Amino acid sequence: MTPTIRPAAAEDEDSVVALWRACGLTVSYNDPAADFRFARAGAASEVLVGTDDAGRIVGTVMVGHDGHRGWLYYVAADPESRGRGI
């Protein structure tokens, strides 16, 4: 599988948060939906998604840059798609 990589859109929020939960990346004291919206709104951050041929979100990474260094959060690969290029 070769995923298509694109910036997440507002309508991707539910699918992205569900993937983060499926991958065990969320914690009770942190709102992943708020993180999604915050990163999308930032001038130096973004949530990138990887989609399969059917358009289903199978991977994510939240990226950002603070002027000196870059960072990655919420690096996720759909558990059912692992081992297939995600």
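The values are calculated or read from the model by the stated rules, or taken from the named source; none is laboratory data. This structure is a prediction, so every number in the text was calculated from the model and none was measured. Remember, those area values only see protein heavy atoms, side chains included, never the ligands or the DNA or RNA. Shrake-Rupley method; radii C 1.70, N 1.55, O 1.52, S 1.80 Å.
Table for the structure above
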item: Principal-axis tilt of helix 13-22 within the chain, Cα atoms, nearest 10 degrees; result: 70
item: Helix-only CD estimate at 222 nm, as mean residue ellipticity for the chain, using -39500 (n - 2.57) per DSSP H run (n ≥ 4); result: -7000 deg cm²/dmol
item: Whole-Hz ³J(HN,Hα) from phi, Karplus 6.51 cos²θ - 1.76 cosθ + 1.60, for region 52-61, glycine and proline x; result: 7, 4, 8, x, 6, 6, 10, x, 8, 7
item: Difference of contour (0.36 nm per residue) and Cα-Cα distance, residue 33 to residue 10; result: 7.2 nm
item: Residue-normalised accessible area of region 4-77, given per residue in Å² at a 1.4 Å probe; result: 59
